[in-house]
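Computed from the coordinates by the stated procedures, all read-outs in this text should not be read as laboratory data. The shown structure was predicted, so the numbers you read here are calculated from the model rather than taken from an experiment. Cβ placement follows ideal geometry from the backbone for every residue including glycine, while neighbour counts extend to all protein chains displayed.
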Amino acid sequence: MARYTSERNEIKHIIQIDRQIPMGGIVEIKLNSGGNEEGVLMSSHSGNNGGAGGSWQYYGELTLMTKNRRIINIDLLDIKSILQAWTDTKITEYENLGLIKMVDYPDKF
């Protein structure tokens, strides 16, 4: 679960990481703890509390499915960087695992 924050530096961090998140696909995440996660980006959410209680607080998180089908939620405050890891090799690997399906849509419907 994402943590709410009203700290200026943490809000800037959430905004910076949120801008790095691709629309979808396979991503590689470097964590502040030094660890890494890789998987299919399932969703991302960021927002605020609408000033409830008189103080504006912000949050951000994403959901990732790893190669072994583990679903994890990661707080954007815990992320150092996020990169699109979409390569031909990874597409084949993840498709063979049944985690993605590539569809070649025609230019005209």
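Worth pointing out:
- Within the chain, helix-based [θ] at 222 nm, where runs of 4 or more DSSP H residues each add -39,500 (n - 2.57), nearest 500: -6000 deg cm²/dmol
- Dipole axis of the chain (+1 Lys, Arg; -1 Asp, Glu on Cβ), positive-most option in ASN36, THR5, GLY54: GLY54
- Phi-based couplings in Hz for region 74-88 (Karplus 6.51, -1.76, 1.60; Gly and Pro marked x): 10, 5, 4, 5, 8, 9, 7, 7, 9, 10, 5, 10, 7, 10, 4
- Whole-percent P(r), region 8-96, all Cα pairs, 5 Å bins from 0: 3, 14, 24, 23, 15, 10, 6, 3, 1, 1, 0.
- Close Lys pairs in the chain (alpha-carbon distance under 30 Å; sequence gap of 8 or more, or different chains): 13.
- Other residues lying with their Cβ under 11 Å from the Cβ of GLY60 contribute a combined charge of -3, Lys and Arg counting +1, Asp and Glu -1.
- The ranking of ASP75, ASP88 from fewest to most other beta carbons within 10 Å of each one's beta carbon is ASP88, ASP75.
- Summing charges over neighbours of ASP78, with a neighbour being any other residue whose Cβ is under 13 Å away from its Cβ, gives -1 when K and R count +1 and D and E count -1.
- Within the chain, the longest run free of exposed loop sites, counting trypsin sites (Lys or Arg not before Pro) that sit outside DSSP helix and strand states (H, G, I, E, B) and have at most 11 other Cβ atoms within 10 Å, spans 1-68.
- Summing charges over neighbours of ALA2, with a neighbour being any other residue whose Cβ is under 12 Å away from its Cβ, gives -4 when K and R count +1 and D and E count -1.
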